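Q: Sharing a structure below in structure tokens format, with a few things to ask.
The values are calculated or read from the model by the stated rules, or taken from the named source; none is laboratory data. Given the structure is predicted, the values throughout are model-derived calculations rather than measurements. Cβ placement follows ideal geometry from the backbone for every residue including glycine, while neighbour counts extend to all protein chains displayed.
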């Protein structure tokens, strides 16, 4: 079985050199040029908060919201970790963008045949036994690639080794059920644009709670509707029959008087 | 006479302007893309077309299954005179929802993908299937009207024989997707403002759809009675008003229970513009019409019933727009207001619906239970609408 991969991003080590974005654009054949925000041509981008740099990118959730919401199954979660998008299936409803808790998927708004764009975790390179381009390019080790279990262990070690430096939290460990991208930081996460009040439960469970009731709604509803129809219809039938009987009775009475 | 022609020209000009701007917007949408025609962005991927044309539109067409269930399942035969207009409204409504969807989808020609590419975990997948099937059911429910007009007696009898199963399937499908449009938003607990996010969203959407379904039938009966100088089944319509009151009452109670359960009452008094819009939606769209329609005197009064039903519709639209747009602005950190092209496409779709309804009413036996034309205060707009429909 393939071990689940992950990337550990140590925010304290990032110097903001932007090498990750440069190689990412190269690797994915995206338009060159520095971008400060995620876009259809930037799968990763550095946000600066008072000299602290935070890498944004797809979190590659364990139970991804985008995979669950897509009506045509254009997103898949691979065993190794990458969440991939199939543009040939996509109908362009943008539910993935609306639903993603990290607001990651971007759209090619200016195209007449637009695609959703986001980080692919260099799935092709992973298959060839390589690490993602950004992790390879990172000069300080701020982005480190590896097995998820190992990286979580390493993150805890770093937090324990310097408890006064690090915020004692691994972001991505539990958020929406866990993600493949893990962050550790010396600045509280909420000050770096992270949503820290996020549900610990994978979001697809919320919609599944409703969807899983469909068979019962159909069964109970169908029987109920048919039953109501049967009763009301029977009532009308009986009424008609009674009227007929009455008429017949009156008719025979009439005959009786004739005799 | 002169005056009349002048007015016809005015409404023709209005309709013409709407369709012309809609046509231009259509050109920009399909030639230059969504970016050029809409104010949508990565932060705000869903706007007016999803919020109004699709999600509100499906709700406004809920009168079809509501009235069909009342007449055929609950055997309330007295409502029979309004079955056909309700089915027509629903059928047109769903067709227009699909038209709206074609504008909004980034790759509209892939719309059929949901038929063969399945994802049963997706609420949207379920909605897509239900809408597809229910539109088919509506077409079948509508077909006897056409068969009657064309005197295809065999086809008419054949379809009439399966009325009951059709209606049952239609009610089930409607129950599923009307509520599922609420379930669509279950997946955004952190993004959607707590005034609108609730685990009860599916239930809220379903109950309010039934309420607005009744209200829409009332509004549409008023408009068509004015346009076609036909009588108004005031008695039936005020009974529908009563049903609407019950639905609004259940809705309001559940809304309060929900706020209490989620400890979200404090949001009702936060000094924010979301709060204002929430109160507007609840007061104008739920509390006021409930108070109006609950009173027999108002409910059985021509203007009172219309005003009450109209407010229910307005409140429903506000609720859906708030849930789909207002509720996301805080999280997105940006505001959204539709571009004029988005608005003109939406207006064109609505106007097209009016014209199509008028045409259908003109050429098909929609109002079969003609009462003597009562002299209702003829509204110029709807009268002209009829004339517009007669344009070649």
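Q: Just a yes or no: is a residue in the stretch B:174-181 away from chain A (no Cβ under 14 Å) and in contact with a helix residue (DSSP H, G or I) (Cβ under 9 Å, 6 or more places away or on another chain)?
A: Step one: list which residues in the stretch B:174-181 are away from chain A (no Cβ under 14 Å), which gives none.
No, every residue in the stretch B:174-181 fails to be away from chain A (no Cβ under 14 Å) and in contact with a helix residue (DSSP H, G or I) (Cβ under 9 Å, 6 or more places away or on another chain).
Q: Hey, does the stretch A:157-174 have a residue that's in a loop (DSSP other than H, G, I, E, B), away from chain B (no Cβ under 14 Å), within 30 Å of residue B:105 (Cβ to Cβ) and in contact with a strand residue (DSSP E or B) (Cβ under 9 Å, 6 or more places away or on another chain)?
A: For the stretch A:157-174, residues in a loop (DSSP other than H, G, I, E, B), away from chain B (no Cβ under 14 Å), within 30 Å of residue B:105 (Cβ to Cβ) and in contact with a strand residue (DSSP E or B) (Cβ under 9 Å, 6 or more places away or on another chain): absent.
Q: I'd like to verify a number: residues in the stretch A:64-80 that are assigned to a loop (DSSP other than H, G, I, E, B) and at the interface with chain B (Cβ under 10 Å from one of its Cβ atoms), how many?
A: Qualifying residue count for the region: 5.
Q: In this structure, is residue B:129 within 30 Å of residue A:77 (Cβ to Cβ) and surrounded by fewer than 18 Cβ atoms within 10 Å (Cβ to Cβ)?
A: So residue B:129 fails the test.
Q: Looking at the stretch A:174-182, can you tell me whether even one residue there is over 30 Å from residue B:118 (Cβ atoms) and buried (at least 17 other Cβ atoms within 10 Å of the Cβ)? Don't jump to the end; show me each part of the working.
A: Of the stretch A:174-182, the ones over 30 Å from residue B:118 (Cβ atoms) are A:174, A:182.
Among the residues that remain, those that are also buried (at least 17 other Cβ atoms within 10 Å of the Cβ) are: A:182.
Within the stretch A:174-182 (the criterion being over 30 Å from residue B:118 (Cβ atoms) and buried (at least 17 other Cβ atoms within 10 Å of the Cβ)), the answer is yes, since at least one residue qualifies.
Q: Would you mind finding the one in A:162, A:154 that is farther than 21 Å from residue A:4 by Cβ, more than 21 Å from the chain's Cα centre (by Cα) and assigned by TED's automatic domain parsing to the domain that holds residue A:37?
A: It is A:162.
Q: Looking at A:118, A:89, A:4, which is the one that is closer than 20 Å to residue B:34 by Cα and surrounded by fewer than 21 Cβ atoms within 10 Å (Cβ to Cβ)?
A: Result: A:89 is the single residue among A:118, A:89, A:4 that is closer than 20 Å to residue B:34 by Cα and surrounded by fewer than 21 Cβ atoms within 10 Å (Cβ to Cβ).
Q: Based on what the data block shows, is residue A:238 in contact with a helix residue (DSSP H, G or I) (Cβ under 8 Å, 6 or more places away or on another chain), modelled with pLDDT under 95 and not assigned by TED's automatic domain parsing to the domain that holds residue A:100?
A: In short, no.
Q: Quickly run through the stretch A:24-41 and pick out the residues that are touching a residue at least 24 places away in the same chain (Cβ under 8 Å) and either assigned to a loop (DSSP other than H, G, I, E, B) or touching a helix residue (DSSP H, G or I) at 6+ places or on another chain (Cβ under 8 Å) (or both).
A: Those that are touching a residue at least 24 places away in the same chain (Cβ under 8 Å) and either assigned to a loop (DSSP other than H, G, I, E, B) or touching a helix residue (DSSP H, G or I) at 6+ places or on another chain (Cβ under 8 Å) (or both): A:24, A:26, A:27, A:38, A:40, A:41.
Q: While we're on this one: Checking the condition in a helix (DSSP H, G or I) and surrounded by fewer than 17 Cβ atoms within 10 Å (Cβ to Cβ), which residue from B:351, B:360, B:309, B:356 passes?
A: B:356
Q: If a residue has to be touching a strand residue (DSSP E or B) at 6+ places or on another chain (Cβ under 7 Å) and closer than 21 Å to residue B:122 by Cβ to count, how many in the stretch A:35-79 make the cut?
A: Of the residues in the stretch A:35-79, 13 are touching a strand residue (DSSP E or B) at 6+ places or on another chain (Cβ under 7 Å) and closer than 21 Å to residue B:122 by Cβ.
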